[in-house]
Amino acid sequence: MTTAFSAIPKIQYEGASSKNPLAFKHYNADELVAGKSMREHLRFAVVYWHTFRGTGSDPFGAGTMQRPWDDGSNSVRNAQQRARVAFEFIEKLGAPYYCWHDRDVAPEGKALAESNKNFDAVAKVLKEEQQRTGIKLLWGTANLFSHPRYVHGAGTSCNADVFAYAAAQIKKAMEVTHELGGEGYTFWGGREGYMTLLNTDMKRELEHLAKLLHLAVDYKKKIGFKGQFYIEPKPKEPTKHQYDSDAAACLNFLRESDLLPHFKLNLETNHATLAGHTMQHEIEVAGAAGALGSIDANTGDELLGWDTDQFPTNIYLTTYTMLSILKYGGLTTGGVNFDAKVRRESFAPVDLFHAHIGGMDAFARGLKIAAAIRQDGRLAEFTQQRYASWDTGIGAKIESGKATLKELETYILKKGEAAPNTSGRQEFLENLINEFV
Ligand code: XLS
Ligand code: NI
Ligand code: NI
């Protein structure tokens, strides 16, 4: 067996007083919180792309990551060896799931046939390792943005051959996801957008994108793949504008294209903030529409305006995230997927452990705090009370659809003025949250 991390023990829960950097202080997989184990609530997943393929390069400099198990070649053998190392890592960490893009796990060949063959050869190792460890595939996806052929997009490319290539890649990635027992499949439209409207037929591009997703829905049925489909919003980067710009835009697109019953949303924290929203806002938008699927857990930097994909360590962020997730019934098919990368300066293999342990502990704390706030009940009670005028009288009449404009006019003419408003008490509520953090 590979031992790329022989110096590192299996990560254990040691409790809040532990000073061991390679132990969980809060994530105790079997501990029950609000009737469910932390493992079941959080369904943590490790991403293959950042964690095992990230080089640490940026536009100003070359890669920095020290990955002694990787021979740096693009060979299938190296990819298979890397897959074994990946499972050694995930197993030691104790995450139940992982996620990949087709091209993260296996090298792209000279033509599609060779790429598919490479993919199968590595998928064989992934399957063996899944069986050996019990680690499961949360979702798979196809990388339809890195290769130069996707320069103008994939499903929204001006070039019909590129659409066909993307369709072929999705077909294969879905088959492999199915073969590996994947619980979902994600569509993130990396370059499904535009750089300038001067050369763009937006209506046509959106129709093509819908067409591609319909083809995927049809094929899913054909092969009997039961996993959940997700669409992952992001407003920009690498394009100036991405069509799936936020949760609301995705829902509108899915609804307009008759795709909504087949999809849920995979929401990413740093994408939410790039769109000018909070993660909690995005979860509420998806949750209210019954489309909350999964989350890509990371965070941006307040001072850097791009998708920095940092590991989440902010307890307020994880608390608000978990408050809204619990409110909508928790994660069922999806999970907390760390779509995050260690900083370029954190190049040692052990940094991968510190990063994931920190993210898992931050979410465990967020979960425990959110569950305690819900158990306490004052927050929910306050919000419920705030809308009390809708529970009886004129409010109940409006909600039930029985009031007309004329009636409402008569009602207010008689009353003269609306009943006095009550205070929103934002500061009181912020203090209440701080009682628990
Ligand atoms: C990039 C996206 C990507 C998706 C998967 O910003 O987050 O990593 O999650 O294609
Ligand atoms: Ni993501
Ligand atoms: Ni991202």
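The values are calculated or read from the model by the stated rules, or taken from the named source; none is laboratory data. Not measured: the values here are computed from a predicted model. With ideal geometry, Cβ positions are generated from the backbone for all residues, glycine too; neighbour counts draw on all protein chains shown. For accessibility, only protein heavy atoms count, side chains too; no ligands or nucleic acids. Shrake-Rupley method; radii C 1.70, N 1.55, O 1.52, S 1.80 Å.
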*lysines whose Cα lies under 29 Å from that of K402, excluding same-chain neighbours fewer than 8 positions away*: K414, K415
*aspartates and glutamates with Cα under 19 Å of K19, excluding same-chain neighbours fewer than 8 positions away*: D351, D361
*So, counting K/R as plus one and D/E as minus one, what does the shell of residues with Cβ under 12 Å around Y165 add up to?*
+1
*Cα centroid separation, the range 51-120 to the range 314-344 (Å)*: 25
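For I223, what is the net charge nearby, where nearby means another residue's Cβ is under 14 Å from its Cβ and Lys, Arg count +1, Asp, Glu -1? Before the final figure, lay out the partial values.
Values: positive: K171, K172, K220, K221, K222, K226; negative: E175, E179, D218.
Net local charge, I223 excluded: +3.
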*Determine, from the Cβ-Cβ distance of V217 and A419 and an R0 of 56 Å, the FRET efficiency 1/(1 + (r/R0)^6), rounded to the nearest 0.05.*
0.70
_Dipole of the chain, positive end: most advanced residue of T383, I315, Y150 [Cβ charges, Cα centre]_ = Y150
_Let's test the formula: R0 of 45 Å, r as the Cβ-Cβ distance of K10 and L198. What FRET efficiency results, to the nearest 0.05?_
0.20
*Based on DSSP, what percent of beta bridges with both residues in the chain are antiparallel, to the nearest 5?*
20
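Among 416-424, 243-251, how do they line up by average Cβ neighbours within 10 Å per residue, starting with the highest? Don't skip to the end; give the middle numbers.
On the way: 416-424: 7.8, 243-251: 21.9.
So the order, starting with the most tightly packed, is 243-251, 416-424.
Can you pick out the pairs among K10/K172; K236/K327; K136/K171; K221/K264; K124/K211; K36/K220 whose Cα atoms lie more than 27 Å from each other? Could you put the intermediate results ahead of the total?
Numbers: K10/K172 34 Å; K236/K327 29 Å; K136/K171 21 Å; K221/K264 17 Å; K124/K211 31 Å; K36/K220 31 Å.
Among K10/K172; K236/K327; K136/K171; K221/K264; K124/K211; K36/K220, the Cα-Cα distance tops 27 Å for K10/K172; K236/K327; K124/K211; K36/K220.
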*Just subtract the alpha-carbon distance of Y387 and S17 from 0.36 nm times their residue separation and send over the number in nm, one decimal.*
128.9 nm
_If I build a Gaussian network model for the chain, linking alpha-carbon pairs within less than 10 angstrom, which residue out of E407, E282, E256 has the largest mean-square fluctuation?_
E407
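Using only the alpha carbon atoms of the range 153-244, find the Kirkwood hydrodynamic radius as the inverse mean reciprocal pair distance, in angstroms to one decimal. Kindly include the intermediate steps, with their values, before the conclusion.
Details: mean 1/r = 0.0727 Å⁻¹.
Averaging 1/r across every pair of different Cα atoms and inverting gives 13.8 Å.
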*Separation between the A121 and T133 pseudo-spin-labels, each 7 Å from Cα along Cα→Cβ, expressed in nm?*
2.2
*Relative to the compact globular guide of 2.2 N^0.38 Å, what is the alpha carbon radius of gyration of the range 232-299, as a ratio?*
1.01
*Accessible area of S75, 1.4 Å probe, to the nearest 10 Å²?*
40
*Just grab the label-to-label distance for L112 and F436, each label 7 Å out from Cα along the Cβ direction, in nm (one decimal).*
5.0
*Stretch T3-K226 to full length: gain in nm at 0.36 nm per residue minus the Cα-Cα span?*
76.8 nm
*Mind checking which of L292, L331, L144 has the largest fluctuation in a GNM of the chain, springs on alpha carbons under 10 Å?*
L331
*F60 to C158: FRET efficiency via 1/(1 + (r/R0)^6), r the Cβ-Cβ distance, R0 30 Å, to the nearest 0.05?*
0.40
*asked:* Which one, P349, S324, T239, projects farthest toward the positive side of the charge dipole computed for the range 235-373 from Cβ point charges (K/R +1, D/E -1)?
replied: S324
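Within a Cβ distance under 11 Å of T55, other residues only, what is the Lys/Arg minus Asp/Glu net charge? Don't jump to the answer; show the numbers that get you there.
Numbers: positive: R53, R67, K341, R344; negative: D58, D70.
Net of charged neighbours comes to +2.
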*the range 258-407 shape via C-alpha gyration tensor axes, a/c threshold 1.5*: prolate
*Long-range HN-HN contacts of H241 with modeled amide H, under 5 Å*: Y194
_Over the chain, equivalent-ellipsoid semi-axes from the Cα gyration tensor in Å_ = 40, 30, 19
*Relative contact order for the chain, counting Cα pairs under 8 Å that sit 6 or more residues apart, in percent*: 15
*Compare T239, T200, T404 in a GNM of the chain, Cα atoms joined below 10 Å, and give the one with the largest fluctuation.*
T404
*Dipole of the chain, Cα-centred, from +1 at each Lys and Arg C-beta and -1 at each Asp and Glu C-beta, to the nearest 20 debye?*
760
